[in-house]
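Novice: Below: one structure in structure tokens.
Quick note: the coordinates plus some simple rules give every number you see, no bench work behind them. None of the values given here were measured: they were computed from a predicted structure. Every residue, glycine as well, gets a Cβ built from its backbone with ideal geometry; the counts of neighbours run over all protein chains shown.
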Amino acid sequence: MTDAAPLGVWSAPGRVNLIGEHTDYNDGFVLPFAIDARTAVAVAPRTDEVLRVRSSFDETPASVPIAGLDELFASAAPASVPEWSTYPLGVAWALRHAAGESASAHGLDLAIASSVPVGAGLSSSAAIECAVAVALDELWNAGLSKRELARVGRTAENEAVGAPTGIMDQTASMLGETDAAVFLDCRTLETEVVPLGLSDAGLEVLVIDTLVTHAHSTGGYRERRASCERGAAAMGVAALRDLTLDDLERAASVMDDETFRRVRHIVTENARVIETVRVLRSDGPLAIGELLLASHASMRDDFEISVPELDTAVEAAMVGGAVGARMTGGGFGGAAIALVPRDRVAEVTDAVTAAFSASGFRTPRVFTVRPSAGAHRDDPGGASPR
Ligand code: ADP
Ligand code: MG
């Protein structure tokens, strides 16, 4: 039953957010890209109606009867299964609801392996969700589109795992393309693939993982969300997306200073995302460095989600010859990215490593990522989903 020949292998990438941080849950704009680190799921058939998930990430497997998924996820983060398994099992649960009658759910063994580092701001969570979503969509004949599968991933993360995140990560992981970013309007869910042209410009994206871990679903993240909601309410708008740079003067007069600075980050960051797309189209990626740096400064000073390691990474990368750099992901640790001319990668890496050492920080993990294809079936066994 468990050693049956696999039905196939599906995979989905992690993502790096080029620009647009914490704008997603404010109905704003983001510009992430899928990376060349992926989470793969090999699926084998079972003779019963049980879903079993295993992962190289955690030795404890989980088995749940498909008919028991609704009860399991009657509330978020059930204690009866290991926490990691709520990601793939939550996707199965959300996918059955999204597909309704059309899905033919049957028992499966899912074996998961990943090259996406966990908790580094590269969204290993979206990678596992989207890999499982494309696999189950095909095997259960759910017939959902990539956009719908991205929503399934978010539903799983929000309601099964219990992490209040937006839909950016899943959108990038589902819709990414080679040497391109995915512009997402988080209100309309309209997407547009934006060519990055890194290859032609001779640029690499360097990820500097500070190895400082973040707790995305707790603490600071919830506080920032609450500040944004308070700011929107004070301005009488549904979401901060509805404000423009011209509204900032009035905003400063109707809320406390801390809330105002949170609001200012979101409003200016939305403007920077739009500007980045425009500059990429008109002048190419060598011209977006200032926008990346301004984004970092805004997160450091206004949104206050950076940490000294991330600031050091950005400053040292620029000293080493980067075109631009910023922290990426939810903040409070995780990674920074730097846009680096191919022949300066070694210098930038050395500059960052030396600066960390001089500050007494743990040696960071520095590596390049390539904007890459989104979720798909890996083996030639079947057609990829729509
Ligand atoms: P990230 O920034 O990497 O997305 P999250 O906290 O959102 O960080 O998600 C990380 C969690 O996702 C892990 O703690 C684990 O529960 C789950 N996860 C990610 N990748 C895997 C994997 N390959 N196998 C099992 N669980 C995984
Ligand atoms: Mg995540």
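Novice: Hey, got the Cα dimensions of the stretch 233-294 along the principal axes, in Å, largest first?
Specialist: 39, 20, 15
Novice: Right, here's the next one. Full-extension gain between Asp379 and Val237, please, as 0.36 nm times their residue separation minus the C-alpha to C-alpha distance. Show your work: numbers first, answer last.
Specialist: Values: separation 142, 0.36 × 142 = 51.12 nm, distance 4.79 nm.
46.3 nm is the gain from fully extending Asp379 to Val237.
Novice: Nothing charged except the Cβ atoms of Lys and Arg (+1) and of Asp and Glu (-1): what's the magnitude of the dipole of the stretch 338-383 about its Cα centre? Round to the nearest 20 debye. Let's see the in-between values first.
Specialist: Details: 6 positive and 5 negative charges, 22 e Å.
About 100 debye.
Novice: Report the residues of the stretch 1-34 in range of a label on Ala113: point 7 Å along Cα→C-beta, backbone N strictly under 20 Å from it.
Specialist: 2-14, by backbone N distance to the label point.
Novice: A follow-up question, please. Which angle from 0 to 90°, rounded to the nearest 10, does the C-alpha axis of helix 124-139 make with the longest principal axis of the chain?
Specialist: Computed tilt is about 40 degrees.
Novice: Right, another one. Rounded to the nearest 10 degrees, what's the angle between the helix 345-358 long axis and the longest principal axis of the chain, both from Cα atoms, 0 to 90?
Specialist: Compared with the principal axis, the helix lies near 80 degrees.
Novice: Another question, if that's okay. For the chain, find the longest principal axis of its Cα atoms and tell me its angle to the long axis of helix 86-99, 0 to 90°, nearest 10.
Specialist: 70 degrees
Novice: A further question on this structure: Hey, can you rank 223-232, 186-195, 321-330 by average C-beta count inside 10 Å, highest first? Mind showing how you got there, number by number?
Specialist: On the way: 223-232: 18.9, 186-195: 14.6, 321-330: 25.4.
The most tightly packed comes first, giving 321-330, 223-232, 186-195.
Novice: Dipole of the chain (Lys/Arg Cβ +1, Asp/Glu Cβ -1, origin at the Cα centre): which of Met235, Ala322, Phe57 lies farthest to the positive side?
Specialist: With unit charges placed on the Cβ atoms, the residue in question is Phe57.
Novice: Continuing with this model, one more query. Which semi-axes, in whole Å and largest first, does the equivalent ellipsoid of the stretch 8-193 have when worked out from the alpha carbon gyration tensor as the square roots of 5 times its eigenvalues?
Specialist: Details: eigenvalues 131, 54, 49 Å².
The answer is 26, 16, 16 Å, longest axis first.
Novice: I've got another one for you. Say each of Asp48 and Ala358 gets a label point 7 Å from the Cα, pointing the same way as Cα to Cβ; how far apart are those two points in nm?
Specialist: Once both label points are built, they end up 6.1 nm from each other.
Novice: Nothing charged except the Cβ atoms of Lys and Arg (+1) and of Asp and Glu (-1): what's the magnitude of the dipole of the chain about its Cα centre? Round to the nearest 20 debye. Intermediate values should be presented prior to the final figure.
Specialist: Details: 32 positive and 53 negative charges, 32 e Å.
Dipole of the chain, to the nearest 20 debye: 160 debye.
Novice: Scan around Ala37 for amide H atoms under 5 Å from its own, H built in the peptide plane at 1.01 Å from N, and keep only partners 5 or more places away or cross-chain.
Specialist: Amide H neighbours of Ala37, under 5 Å, 5+ apart: Gly14.
Novice: Once Lys and Arg get +1 and Asp and Glu get -1 on their Cβ, which of Ile112, Gly8, Ala375 lies farthest toward the positive end of the dipole of the chain?
Specialist: Selected residue: Gly8.
Novice: I would also like to ask the following. So what are the ³J(HN,Hα) numbers for the stretch 236-243, from phi and the Karplus equation (6.51, -1.76, 1.60; θ = phi - 60°), rounded to whole Hz, Gly and Pro as x?
Specialist: Once θ is set to phi - 60°, the couplings for the stretch 236-243 become x, 10, 5, 8, 5, 3, 7, 9 Hz.
Novice: Looking at the P(r) of the chain, how many percent of alpha-carbon pairs lie beyond 42 Å?
Specialist: Counting every Cα pair in the chain, those more than 42 Å apart make up 11 percent.
Novice: For the stretch 196-369, with only Lys/Arg (+1) and Asp/Glu (-1) charged at the beta-carbon, what is the dipole magnitude about the Cα centre, in debye rounded to 20? Intermediate values should be presented prior to the final figure.
Specialist: Working: 18 positive and 25 negative charges, 84 e Å.
It comes to approximately 400 debye.
Novice: Short version: what are the Cα gyration tensor semi-axes of the stretch 196-369, square root of 5 times each eigenvalue, largest first, in whole Å? Walk me through the numbers on the way to the answer.
Specialist: Values: eigenvalues 183, 83, 27 Å².
Here the semi-axes work out to 30, 20, 12 Å.
Novice: Counting helices only, and only those DSSP H runs with n ≥ 4, report the 222 nm mean residue ellipticity of the chain as the sum of -39,500 (n - 2.57) divided by its residues, in deg cm²/dmol to the nearest 500. Kindly include the intermediate steps, with their values, before the conclusion.
Specialist: Working: 12 runs with 145 residues, N = 386.
Dividing the helical sum by the residues of the chain leaves -11500 deg cm²/dmol.
Novice: Please give the contour-minus-distance gain from Ala297 to Arg250: 0.36 nm per residue of separation, less the Cα-Cα distance, rounded to one decimal in nm.
Specialist: 14.7 nm
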